[in-house]
Amino acid sequence: MVNAFKQGAEEAGHSVQIENVSHMNIRGCMACEYCHTKEKGVCVQKDDMQKLYQEILSADMLVFASPIYYFTLSAQLQSAIHRTYAIDIPKNIKKTALIMSSGSAYVYGPAIAQYYQAIVEYWKVENAGIFTSNGDANQSKEKWDELYRFGKFL
């Protein structure tokens, strides 16, 4: 689904960078407050999040994509989201979107409410869309086309 979005967005002239946080070394926030008390906006941890900080701070849109495991986003994506605490609200982000896949149709509510909607409200950004897919639809042409069109007509 992410690749369908990327293809549509790039054909529309947008630059899209996909970062698979599940293959990155991103530790959880330690709540040490270094980023707010010692060196504003700089996390004391030096891991793969450093690359993501640069990308987030330069982006104008952020698309979160995650499989849904027991009603919530993946632990790896949650860690990355928690670590944005260091940079506070990324001022260049104007829009966000959420793409989720699961084996079941009725598991998305907590991820939307606890993470996504809270981010949209706190960051004061536009919700560009929420996309879900489950079961056989995860690999369907219809879902591919939906995400492609979303990217194409941003």
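The values are calculated or read from the model by the stated rules, or taken from the named source; none is laboratory data. Values in this document were obtained by computation on a predicted structure and should not be read as measured data. Cβ placement follows ideal geometry from the backbone for every residue including glycine, while neighbour counts extend to all protein chains displayed. Accessible surface is based on the protein model in full, side chains and every heavy atom, while ligands, DNA and RNA are left aside. Shrake-Rupley method; radii C 1.70, N 1.55, O 1.52, S 1.80 Å.
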Extension gain, Tyr106 back to Asn25 (0.36 nm per residue minus Cα-Cα distance, nm): 26.1 nm
Too-long pairs where the Cα-Cα distance tops 30 Å, listed order kept, from Lys6/Lys40; Lys51/Lys95; Lys40/Lys152; Lys46/Lys94; Lys40/Lys95; Lys94/Lys143: Lys6/Lys40; Lys40/Lys152
Percent of accessible area on the chain owned by carbon and sulfur, 1.4 Å probe? 52 percent
Over the Cα atoms of the chain the radius of gyration and the largest Cα-Cα distance (Dmax), both in Å, equal 15.7, 50
Report, in whole Å, the centroid distance computed from the Cα atoms of region 28-100 and region 129-154. 24 Å
Report the calculated FRET efficiency for Glu10 and Thr37 (r = Cβ-Cβ distance, R0 = 41 Å), to the nearest 0.05. 0.50
Leaving out ligands and nucleic acids, note down the accessible area per residue over the chain with a 1.4 angstrom probe, in whole Å². 57 Å²
Among Ile130, Leu98, Ala59, the residue whose Cα sits farthest towards the positive end of the charge dipole of the chain, when +1 is placed on the Cβ of each Lys and Arg and -1 on the Cβ of each Asp and Glu, is Ala59
Counting each DSSP H run of 4 or more residues in the chain as -39500 (n - 2.57), what helix-only mean residue ellipticity at 222 nm follows after dividing by all residues, to the nearest 500 deg cm²/dmol? -9000 deg cm²/dmol
So what is the relative contact order of region 1-129, in percent, for Cα pairs below 8 Å that sit 6 or more residues apart? 26 percent
From the protein chains alone at 1.4 Å, what is the descending order of accessible area for Lys141, Lys40, Lys6, largest first? Lys40, Lys141, Lys6
Label Gln76 and Glu55 with points 7 Å out from Cα along Cα→Cβ: what is the distance between them in nm? 1.2 nm
In debye to the nearest 20, how big a dipole does the chain give about its Cα centre with +1 on each Lys and Arg Cβ and -1 on each Asp and Glu Cβ? 240 debye
What is region 84-134 by shape, rounded, prolate or oblate, if you read a ≥ b ≥ c off the alpha carbon gyration tensor as root eigenvalues and call it rounded for a/c under 1.5, prolate for a/b larger than b/c, and oblate otherwise? prolate
With a Förster radius of 22 Å, plug the Cβ-Cβ distance of Asn92 and Ile18 into 1/(1 + (r/R0)^6) and report the FRET value to the nearest 0.05. 0.75
Quick check on region 1-112: of the DSSP beta bridges with both residues there, what percent are antiparallel, nearest 5%? 10 percent
